[in-house]
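Here's the structure, in structure tokens; my notes come after.
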Amino acid sequence: MSEIEDIQYLTTLNQVHTLADPQRIRILDRLVREPMTVKMLGTDLGEPPAKVHYHVRELERIGVIHLVEARMKGGVLEKYYRAVARNVSVQEDLLRTSPPDELEALMHDFMQIVQRGLAAAMAYHQKHREENAPGYFSNETVWSTPEEFRALMEQQRKLLEPYQTPRGGPGEREWTVNMIGHLAVPEPEAEEAKKIRRAFTLGASGYSKKDLEAVVAEGYQLDLTIVGTCLIANDVTAELADRAVVRLRVYGVLHARPEVRAVLDQKQAPREVRPVSSTSVIKPVQKVKTLREHEKADSRDQ
């Protein structure tokens, strides 16, 4: 493997936004390992060369890959591309000096990558339950100085390095690891958040008229994230759904009356979400959970 830089810092939001695409990240990962042509990348990723060519062109435009060799083979000019560095990071000053609205859009792009990847993984889990493949959510709090925190993040990065190149061993598969580390600060709407009841479900989740009426009667609203199936009972009215649910994200199938669906669709706009509050292995949920079962689960996590 020819030598490349250890790390490259992105200095513009355009670079970060352009790289915020799962397929481009996969392409960049392969070009870290070795020089490849568009055709080779397409074969490896199972994508048509024309689609891969577009992504390669964008990655070259923002300077994270470059052309390292061009040679004729059978009358065809083969162009080999390579990553500029093994690791890509965002320059800290960029986050501090960028306009808030642009940073919000950037964070939204990143979270969309995470959510799409998670939704695809969960769909695979549902179809291949016999594999019992592991998956984890974790939200931890640490106490350190800024210098110690930077060192900790660097340790995490180095821990992954031996596994970032295929070794060809039996049972080896490609996995995704998302890491987010930031300063813990109070939420801007902390008082409002006290009246919001959050629930995260993997599998199926159902809500009856009685469930939602109880939420409204207690002065709460639901903030729901469901990877799987969401079932809203037929006797739930659009008005009740509007009053009981402040936000809904369904990565799967939503079953509801048309007028209720229309209300809930408006509540799927991106908003800030708290991370999952426990560490757990992803396992499909077999039965439909009621609101009371969610509350019991939440009380155990606290």
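Here are some notes:
- Residue list for segment 12-56, restricted to those being over 24 Å from the mean Cα position of the chain (by Cα) and part of a helix (DSSP H, G or I): Val38, Lys39, Met40, Thr43, Pro49, Ala50, His53
- For segment 82-99, the criterion of being farther than 19 Å from Val16 by Cβ, without any contact (Cβ under 8 Å) to a residue 24 or more places away in the chain and assigned by TED's automatic domain parsing to the domain that holds Thr11 is met by no residue.
- Condition met for Ile25 (in contact with a Pro (Cβ under 8 Å, 6 or more places away or on another chain), β-branched (Val, Ile, Thr) and within 30 Å of Val250 (Cβ to Cβ)): no
- Filter result for Val88 (surrounded by 10 or more Cβ atoms within 10 Å (Cβ to Cβ) and β-branched (Val, Ile, Thr)): yes
- Within segment 253-272, being modelled with pLDDT of 90 or more and either over 29 Å from His125 (Cα atoms) or not in a strand (DSSP E or B) (or both) holds for Ala256, Arg257, Pro258, Glu259, Val260, Arg261, Ala262, Val263, Leu264.
- Residues of segment 78-105 that are closer than 18 Å to Gly63 by Cβ and in a helix (DSSP H, G or I): Asp93, Leu94.
- Number of residues in segment 91-108 that are among the charged types (D, E, K, R) and either surrounded by 14 or more Cβ atoms within 10 Å (Cβ to Cβ) or touching a Leu at 6+ places or on another chain (Cβ under 6 Å) (or both): the value is 1.
- Some residue of segment 39-61 being acidic (Asp, Glu), touching a strand residue (DSSP E or B) at 6+ places or on another chain (Cβ under 7 Å) and surrounded by fewer than 20 Cβ atoms within 10 Å (Cβ to Cβ): yes
- Residue count, segment 194-208 (criterion: at pLDDT below 80 and of a type in the set (Phe, Trp, Tyr)): 1
- Within segment 133-176, if we keep just the residues that are among the aromatic types (Phe, Trp, Tyr) and more than 20 Å from Arg86 (Cβ to Cβ), the residue that is modelled with the lowest pLDDT turns out to be Phe137.
- Where Arg116 falls short, out of the listed (1) touching a strand residue (DSSP E or B) at 6+ places or on another chain (Cβ under 7 Å); (2) within 29 Å of Arg33 (Cβ to Cβ): (1)
- Segment 136-157, residues that are of a type in the set (D, E, K, R) and either assigned by TED's automatic domain parsing to the domain that holds Thr201 or surrounded by fewer than 10 Cβ atoms within 10 Å (Cβ to Cβ) (or both): Glu140, Glu147
- Applying a threshold of 7 Å to beta carbon distances and a minimum spacing of six or more residues, or different chains, the list of pairs starting in segment 235-252 at a residue that is closer than 30 Å to Ala120 by Cβ and ending at one that is basic (Lys, Arg) and assigned to a loop (DSSP other than H, G, I, E, B) reads Arg247/Arg271.
The values are calculated or read from the model by the stated rules, or taken from the named source; none is laboratory data. All values reported here derive from a predicted model rather than from experimental measurement. Counting neighbours? That spans all protein chains shown, and the Cβs are built from the backbone with ideal geometry, glycine included.
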